[in-house]
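A quick write-up on the structure given underneath.
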Amino acid sequence: MNRQLAEIIENSNNIVFFGGAGVSTESGIPDFRSESGLYHAREVYGYAPETILSHSFYMQHPDLFFKYYKENLIHTEAEPNEAHKALAELEKQGKLKAVVTQNIDGLHQKAGSRTVYELHGSVLRNNCERCGAFYDLDYIMDPAHCADGVPVCGKCGGRIKPDVVLYEESLDEDCITGAVNAIMNADVLIVGGTSLAVYPAAGLINYFHGSHMVLINRDSTPYDGKADLVIHDSIGEVMKL
């Protein structure tokens, strides 16, 4: 682990981590907002990712939505990387109080993290829009449970929607409240793998008023000047215990 970061962590027992897509890309999950992701979506599906992953598109073209969703946002083979593992270990040691993530892959929990605020939801949770029945990822990925690629409830025949926040949808209020409280009460905020360009999620770090803000990202961010420590490197390498 980076020496300066290790020193900050050593002297704190109230740390919160705020992470974005860069945490997951090191586990082999591509960032659909990248240039290659944008190009791929337009070439193969005829629309930009932000259009396909919008609530209105989901309502109007559920078949194409699910085709894109299943082919680009589901990565069952992905495993937690060194950053996920380090954060889980820091929580186990009592130093890390919460993970606030923009990712929807569930890798933090898979690594062992328990207090995780998933701002944009999770692909692992799915519910029928009509009766509310819960379904896991395996169910909605099984063609036998789908009509034209769209997952159908086995109880009432309603459409099953992933518990992910689409464009045009609001973030979950309870999740936001928990994340804000964790950040407000933190002594150290480690921000990693995010350009801090996706709002309203990125705005949450403005609630931090603790001692040390650390930014770990390959590229610069609008908040670099406000951080006590900025590291432009791989988050997995920097966080590795």
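The values are calculated or read from the model by the stated rules, or taken from the named source; none is laboratory data. Since the model is a prediction, treat every value here as computed from it, not as a measurement. So basically every Cβ, Gly included, is an ideal-geometry build from the backbone, and we count neighbours across all protein chains shown. We work out accessible area using only protein heavy atoms, side chains counted, and drop any ligands, DNA or RNA first. Shrake-Rupley method; radii C 1.70, N 1.55, O 1.52, S 1.80 Å.
Can you give the angle from 0 to 90° between the axis of helix 35-45 and the longest principal axis of the chain, with both taken from C-alpha atoms, to the nearest 10?
The answer is roughly 10 degrees.
Can you give me the accessible area per residue for the chain, using a 1.4 Å probe, in Å²?
Each residue of the chain exposes 48 Å² on average to a 1.4 Å probe.
Which value does Rg/Rh take for the chain over its C-alpha atoms, Rh per Kirkwood?
Rounded to two decimals, Rg/Rh equals 0.99.
Once the Cα atoms of helix 173-185 and of the chain are each reduced to a long axis, what angle between those two axes, in degrees from 0 to 90 to the nearest 10, is obtained?
The angle comes out at about 10 degrees.
Determine the dipole magnitude for the chain: charges of +1 sit on the beta-carbon of Lys and Arg, -1 on that of Asp and Glu, nothing else is charged, the reference point is the Cα centre, and the result goes in debye to the nearest 20.
Rounded to the nearest 20 debye, it is 340 debye.
Work out from phi, with θ = phi - 60° and the Karplus expression 6.51 cos²θ - 1.76 cosθ + 1.60, the ³J(HN,Hα) of each residue of the stretch 208-219, listed in order in whole Hz, and give x for Gly and Pro.
7, 9, x, 7, 9, 10, 10, 10, 10, 7, 4, 10
DSSP beta bridges in the chain, what fraction antiparallel, as a percent rounded to 5?
Restricted to the chain, the bridges split so that about 30 percent are antiparallel.
I'd like the orientation of helix 82-92 relative to the chain: the angle between its Cα long axis and the longest Cα principal axis, in ° from 0 to 90, rounded to 10.
On a 0 to 90 degree scale, this one is about 70.
Beyond 24 Å, what percent of the Cα pairs of the stretch 150-241 remain?
38
List, in the order given, every pair from LYS85/LYS161; LYS110/LYS226; LYS70/LYS95; LYS67/LYS155 whose Cα-Cα distance in the structure shown is over 25 Å.
LYS85/LYS161; LYS110/LYS226; LYS70/LYS95
Once the convex hull of the C-alpha atoms of the stretch 1-84 is built, how many Å³ does it hold per residue, rounded to a whole number?
127
What does the net charge come to around THR76 if you take all other residues with beta carbon closer than 12 Å to its beta carbon, with K and R at +1 and D and E at -1?
Net local charge, THR76 excluded: -3.
What is the packing order of peptides 4-11, 192-199, taking the mean over residues of other C-beta atoms within 10 Å and listing the highest first?
Answer by packing, highest mean first, reads 192-199, 4-11.
Would you compute, from DSSP H runs of 4+ residues alone, the mean residue ellipticity of the chain at 222 nm, taking -39500 (n - 2.57) per run and dividing by the full residue count, rounded to the nearest 500?
Here the helix-only value at 222 nm equals -9000 deg cm²/dmol.
In the chain, carbon and sulfur make up what percent of the accessible area (probe 1.4 Å)?
Ligands and nucleic acids excluded, carbon and sulfur give 47 percent.
Hey, what D do you get for the stretch 22-148 in µm²/s if you plug the Kirkwood alpha-carbon radius into Stokes-Einstein at 37 °C and 0.692 mPa s?
The diffusion coefficient I find is 203 µm²/s.
Could you go through the stretch 24-33 in sequence order and give the Karplus-derived ³J(HN,Hα) for each residue, using 6.51 cos²θ - 1.76 cosθ + 1.60 with θ = phi - 60°, rounded to whole Hz, and x for Gly and Pro?
Values, residue by residue: 7, 4, 6, 9, x, 9, x, 8, 5, 8 Hz.
Post the alpha-carbon centroid distance, the stretch 37-89 to the stretch 1-28, in whole angstrom.
Value for the Cα centre distance between the two parts: 25 Å.
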